[in-house]
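Okay, structure first, notes after.
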Amino acid sequence: MRVPRFPIFFSISVFIMLFTATTLAAESLPNQDDIIQGAQLYDKWYAVLGVNPPAENMPIWSRQSTNTRSGADTWRCNECHGWDYKGAQGEYQAGSHYTGFPDLYTLLPELEIEAIVDHLNGKIDPAHDFSAYLDETSMAQLAYFLKNGLIDDTEYIDPVSLRVVNPDIAHGQELYSSTCLSCHGEDGKAIVFQIEAINEYLGSVANRDPWRFLHRTRFGVAGTDMPVGMRLGWTAEDGRDVLAYVQSLPTGGVIISQPTQNPLASPAPSIGGPASNLWTGILTSLGTLAGMLVIAGLFIGGFLFLALIVVVIFRRRGKRNP
């Protein structure tokens, strides 16, 4: 009995098509090193590439007037879109870093890698053109990070207190001791950072800007040989735990024991206010009246005392000059 050739040919063709599609899909997925490189390009691309940054402002910078930084800073992705990747909807919704530029975290999931690269090379907006400074490989790596490396920082950082959400501080201390302590020291003060002309320790960076800390815990610092959490097998939760532990380290001469408040948060309520019931109202009124009477008594007593001194002086002069 002869086996029909068509089913065999069809099966082989389908197998080849599936194998080719799987291979192409695998090749299109970025590897870990591409994502890390892209994250560091997002941090400070000219430090990664070892080149001098442009002296003039990024052309798109002229579309805002609230952030007064200039030169190299205007070319950094994080300066426009924040360390939490949410631009005007995130940590940079106010303050000196505010630009009004968009939230990448919600914008990018709808875009493919090619579309993201087109945003970087100026095809979408000529004022957002990095092609004179980033080659195709670098732009692709940056796009891989933006597409595959972003996390929602609100899962890990409270936007009001700036403290870590649900941390395992003991685990964070363990990771810090095994990886970070040798450079930063037990108290995080072995390296002094200068950020915007301010000297800071690791603890103060973690408390003041936890989003920056979490990004760099995951991907390292651009242009340095700092250990990279992703290469160590750390998850975002591991980075969160390290951040929580470092927030307990000294921020100067004092160890932080209370959450550092976000300047965008509502001020704490003042102590006092209206009386909660009749008796507390009466007692408050009596206390106020008593205080006023004491002050008035002291004032009148002082005045009478001075008057008495004046009378005594004049009487003594009158006796000397009859």
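The values are calculated or read from the model by the stated rules, or taken from the named source; none is laboratory data. Here the structure is a predicted model, which means the values were calculated and not measured. We place every Cβ from the backbone using ideal geometry, glycine too, and count neighbours over all the protein chains shown.
Summary table below
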read-out: Residue pairs meeting the criteria (Cβ under 8 Å; at least 6 apart or on separate chains; first assigned to a loop (DSSP other than H, G, I, E, B), in region 54-75; second among the β-branched types (V, I, T)); value: N57/T74; M58/T74; Q64/T99; T66/T99; N67/T99
read-out: Helices (runs of 4 or more DSSP H) contained entirely in region 165-244, each with at least 3 residues that are touching a strand residue (DSSP E or B) at 6+ places or on another chain (Cβ under 8 Å); value: 202-208, 210-219
read-out: Residues within region 114-144 that are more than 19 Å from N52 (Cα to Cα), crowded, with 21+ Cβ neighbours inside 10 Å and either small (G, A, S) or in contact with a strand residue (DSSP E or B) (Cβ under 7 Å, 6 or more places away or on another chain) (or both), tallied; value: 1
read-out: Residue identified as in the same structural domain as Y245 (by TED's automatic domain parsing) and either modelled with pLDDT under 95 or outside any loop (DSSP other than H, G, I, E, B) (or both) among P102, P159; value: P159
read-out: Qualifying residue in region 119-136 (condition: part of a helix (DSSP H, G or I) and under 19 Å from F213 (Cα atoms)); value: no
read-out: Residue count for region 223-237, restricted to those that are more than 17 Å from C183 (Cα to Cα) and buried (at least 19 other Cβ atoms within 10 Å of the Cβ); value: 2
read-out: Any hit, region 66-89, residues being more than 29 Å from S204 (Cα to Cα), modelled with pLDDT of 95 or more and touching a helix residue (DSSP H, G or I) at 6+ places or on another chain (Cβ under 8 Å); value: no
read-out: Unmet requirement for N262, which otherwise passes all of (1) at pLDDT below 50; (2) among the polar types (S, T, N, Q); (3) not assigned by TED's automatic domain parsing to the domain that holds V164; value: (3)
read-out: Looking only at region 145-158, and only at residues there that are crowded, with 19+ Cβ neighbours inside 10 Å and under 12 Å from the mean Cα position of the chain (by Cα), the one that is nearest to W83 (Cα to Cα); value: D153
